[in-house]
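Asker: Sharing a structure here in structure tokens format.
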Amino acid sequence: MTNSANTFKAINLAKEQIDALESQLLKRKLRATESPCDTKALVEGRELKAFCSNDYLGLANHPELIKALAEGGKNYGVGSGASHLISGHSIAHERLEKQLASFQEQHIPNARALFFSTGYLANLTAITALAMLAPQKSTSIYSAKLNHASLIDGIRLAAAQTQASVSLFDHTNIDSLSEQLKTDQNPLKIIVTDGVFSMDGDLAPVKELLKLAEQYDALLLVDDAHGFGVLGKLGHGILEQGNICSDRIIYIGTLGKAAGVSGAFVCAQATFIEWLIQKGRPFIYSTATPPAIAHTLSKSLEIISGDEGSNRRTQLNKLIRIWQDEMQFSQWEKVSSCTAIQPVILGSNANALLAAQLLDEAGYWIPAIRPPTVPNGSARLRITFSANHSEADLRQLIISLKAIEQQVMEKASHE
Ligand SMILES: *Cc1c(COP(=O)(O)O)cnc(C)c1O
């Protein structure tokens, strides 16, 4: 036996790096819940009021969806057994994809949808496959600075595979994007943006971006993870809300947030979807999601665009308005957001952790969000609402937040 302490360096490196994260207050911690995702969570034996999930419509623990999951299990078993192109593609997937395409058909001509097990996978697949449409070194990708990590990773992978050029733009001021597109000689240009920015809650200027895409013959990829299910009268998302229609939009929605279950989809005109099926490696080489999940999602989509979905969106919008009215007197820095994502910016990691801890002591579950999820110096509480929250739940939270704001400010001023 060799002396493993001398040869096994990786474990020491790992320990050092983790210690460094701890000392920068950047170490993350898993907490296991003992209850279904809802407005109350049982965590480590305590019941906390949760304002941190993305279950905006309160469907994650919906009795009809629980029933649909059991029914799906009965009809299709528990595993798909293979990737979609081998034998894992079920009629339950097929039906779901048709429903998803019908949600966007007024916004994307000749729309077809492709279902994925996660949004992360959908983004990796869509961006890498689209970038491959042009020869090496002839794709330009324009990415909004605050895009979700899965878009960033999809872009990194695409750039590594195709030598695409990548530039960033500020979604609140797209003049520089316009300047760059003007001189771009590449045959393939892809503009990539979150629909609703996941940590700020504001919306991308999709109409203006589409105008640029049309002017400079670019594709526009919109990741509507936080808009699907909640935006628009029928909950079909940001394109419905903006009354937008274009065949150059690649729309991505996720199904583990407002839809309450799991999974994601890409919706685009059929030719692009055909290309993803041919060349999208993360799609091709991954086992299909259990059909029972697709079956459950079909039911979720029915709820979303029906009366119940509409009532749930009404409740959610009521909560957002109360928050906007009540919190305007708080000194805490907020982002102007009209969605169920309402961040309170605390700046330092220490302040964000302190606020999260004080909230925990007051019986709330709202974790601190720190870099690299958000830019350095903008650590925050990311407060989110669900249609299952009552007006009273929210008013209580606001009272607790105002008390905690006082405490955090006093502590900060003593440092
Ligand atoms: C959550 C999220 C994703 C990832 O979706 P998953 O289904 O959770 O993998 C992608 N994009 C954005 C903007 C998100 O917020």
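Asker: Name the one entry in K40, K98, K67, K74 that is in the same structural domain as A355 (by TED's automatic domain parsing), over 19 Å from the mean Cα position of the chain (by Cα), modelled with pLDDT of 95 or more and not aliphatic (A, V, I, L, M).
Answerer: K40
Asker: If I ask for residues that are surrounded by 14 or more Cβ atoms within 10 Å (Cβ to Cβ) and either part of a loop (DSSP other than H, G, I, E, B) or over 28 Å from the mean Cα position of the chain (by Cα) (or both), which ones from region 380-401 would you list?
Answerer: F385, S386, A387, N388, H389
Asker: If you check A292 against the conditions, is it more than 16 Å from the ligand (Cβ to nearest atom), more than 21 Å from I191 (Cα to Cα), outside the structural domain of T339 (by TED's automatic domain parsing) and surrounded by 23 or more Cβ atoms within 10 Å (Cβ to Cβ)? Don't jump to the end; show me each part of the working.
Answerer: On the way: more than 16 Å from the ligand (Cβ to nearest atom): yes; more than 21 Å from I191 (Cα to Cα): yes; outside the structural domain of T339 (by TED's automatic domain parsing): yes; surrounded by 23 or more Cβ atoms within 10 Å (Cβ to Cβ): yes.
Yes, satisfied.
Asker: Name the residue, out of S298, S246, S310, that is part of a loop (DSSP other than H, G, I, E, B), among the small types (G, A, S) and either surrounded by fewer than 21 Cβ atoms within 10 Å (Cβ to Cβ) or in contact with a strand residue (DSSP E or B) (Cβ under 8 Å, 6 or more places away or on another chain) (or both). Let's see the steps before the verdict.
Answerer: Values: S298 fails: part of a loop (DSSP other than H, G, I, E, B); S310 fails: part of a loop (DSSP other than H, G, I, E, B).
The unique qualifying residue is S246.
Asker: I've got another one for you. For N173, work out the one condition from (1) within 24 Å of Q324 (Cβ to Cβ); (2) within 16 Å of the ligand (Cβ to nearest atom) it doesn't fulfil.
Answerer: (2)
Asker: If L319 meets every condition in (1) more than 16 Å from the ligand (Cβ to nearest atom); (2) crowded, with 16+ Cβ neighbours inside 10 Å; (3) among the aliphatic types (A, V, I, L, M); (4) over 19 Å from T384 (Cα atoms) apart from one, which number is that one?
Answerer: Of (1) more than 16 Å from the ligand (Cβ to nearest atom); (2) crowded, with 16+ Cβ neighbours inside 10 Å; (3) among the aliphatic types (A, V, I, L, M); (4) over 19 Å from T384 (Cα atoms), only one is false for L319: (4).
Asker: Continuing with the same structure: Step by step: first the residues of region 223-243, then only those that are at positive phi and free of Cβ contacts under 8 Å to residues at least 60 places away in the same chain, then the one that is surrounded by the most Cβ atoms within 10 Å (Cβ to Cβ). Which residue is that? Show your work before the answer.
Answerer: Filtering region 223-243 down to residues at positive phi leaves 229, 232, 235, 237, 243.
Narrowing further to those that are free of Cβ contacts under 8 Å to residues at least 60 places away in the same chain: 232, 243.
Values: G232: 20, N243: 10.
Per the stated criteria, the residue is G232.
Asker: Moving on. Need the failing condition index for A149 against (1) of a type in the set (A, V, I, L, M); (2) more than 10 Å from the ligand (Cβ to nearest atom); (3) surrounded by fewer than 17 Cβ atoms within 10 Å (Cβ to Cβ), just the number.
Answerer: Among (1) of a type in the set (A, V, I, L, M); (2) more than 10 Å from the ligand (Cβ to nearest atom); (3) surrounded by fewer than 17 Cβ atoms within 10 Å (Cβ to Cβ), the lone unmet condition for A149 is (2).
Asker: Checking N311 against (1) farther than 22 Å from G195 by Cβ; (2) assigned by TED's automatic domain parsing to the domain that holds F197; (3) not β-branched (V, I, T): exactly one of these is not met. Which one?
Answerer: Here N311 meets the rest and fails (2).
Asker: Quick one: in region 110-129, of everything that is aliphatic (A, V, I, L, M) and either assigned to a strand (DSSP E or B) or away from the ligand (no atom under 16 Å from the Cβ) (or both), which residue is farthest from D224 (Cα to Cα)? Step through it out loud before you land on a result.
Answerer: Within region 110-129, the first condition is being aliphatic (A, V, I, L, M), and the residues that meet it are 111, 113-114, 121-122, 124, 126-127, 129.
Subset that is either assigned to a strand (DSSP E or B) or away from the ligand (no atom under 16 Å from the Cβ) (or both): 111, 113-114, 129.
Numbers: A111: 16, A113: 14, L114: 15, A129: 19 Å.
The qualifying residue farthest from D224 (Cα to Cα) is A129.
Asker: Filter region 134-154 for residues that are touching a Ser or Thr at 6+ places or on another chain (Cβ under 7 Å) and of a type in the set (S, T, Y); which is nearest to V222 (Cα to Cα)?
Answerer: Of everything passing the filter in region 134-154, Y142 is nearest to V222 (Cα to Cα).
Asker: On to the next question. Can you find, within region 226-241, the residue that is farthest from the ligand (Cβ to nearest atom) among those that are in a helix (DSSP H, G or I) and under 12 Å from Q104 (Cβ atoms)? Walk me through it before giving the result.
Answerer: Filtering region 226-241 down to residues in a helix (DSSP H, G or I) leaves 238-241.
With the extra rule that they be under 12 Å from Q104 (Cβ atoms), the set shrinks to 238-240.
Values: I238: 11, L239: 15, E240: 18 Å.
Checked region 226-241; the qualifying residue farthest from the ligand (Cβ to nearest atom) is E240.
Asker: Name the single residue that is farthest from the chain's Cα centre (by Cα) among those in region 242-267 being over 12 Å from I108 (Cβ atoms) and away from the ligand (no atom under 16 Å from the Cβ).
Answerer: Among them, the one singled out is N243.
Asker: Continuing with this model, one more query. With A134, A159, A144 as the choices, which residue is in the same structural domain as Q99 (by TED's automatic domain parsing), over 30 Å from A292 (Cβ atoms) and free of Cβ contacts under 8 Å to residues at least 40 places away in the same chain? So that I can check it myself, show each step before the final result.
Answerer: Values: A134 fails: free of Cβ contacts under 8 Å to residues at least 40 places away in the same chain; A144 fails: free of Cβ contacts under 8 Å to residues at least 40 places away in the same chain.
None of the others qualify; the one that does is A159.
Asker: Every residue in region 310-349 that is over 27 Å from R370 (Cβ atoms) and among the acidic types (D, E), please.
Answerer: So the first thing to find is which residues in region 310-349 are over 27 Å from R370 (Cβ atoms), and the list is 310-315, 317-318, 321-322, 325.
Matches in region 310-349: D325 only.
Asker: I've got another one for you. Specify the residue that is nearest to the ligand (Cβ to nearest atom); the eligible residues are those in region 130-146 that are hydroxyl-bearing (S, T, Y) and over 22 Å from T172 (Cβ atoms). Let's see the steps before the verdict.
Answerer: Keep residues of region 130-146 that are hydroxyl-bearing (S, T, Y), which gives 138-140, 142-143.
So of that shortlist, the ones also over 22 Å from T172 (Cβ atoms) come out as 138-139.
Numbers: S138: 27, T139: 21 Å.
Ranking the qualifying residues of region 130-146, first place goes to T139.
Asker: OK, next. How many residues are closer than 19 Å to C267 by Cα and of a type in the set (S, T, Y) if we restrict to region 183-219?
Answerer: Going through region 183-219 one residue at a time, the tally reaches 1.
Asker: Which condition number in (1) crowded, with 20+ Cβ neighbours inside 10 Å; (2) away from the ligand (no atom under 11 Å from the Cβ) is the one that E214 fails?
Answerer: The failed condition is (1).
The values are calculated or read from the model by the stated rules, or taken from the named source; none is laboratory data. This is a predicted model, so every value here is computed, not measured. Quick reminder, even Gly has a Cβ in these numbers, built from the backbone with ideal geometry, and neighbours come from all protein chains shown.
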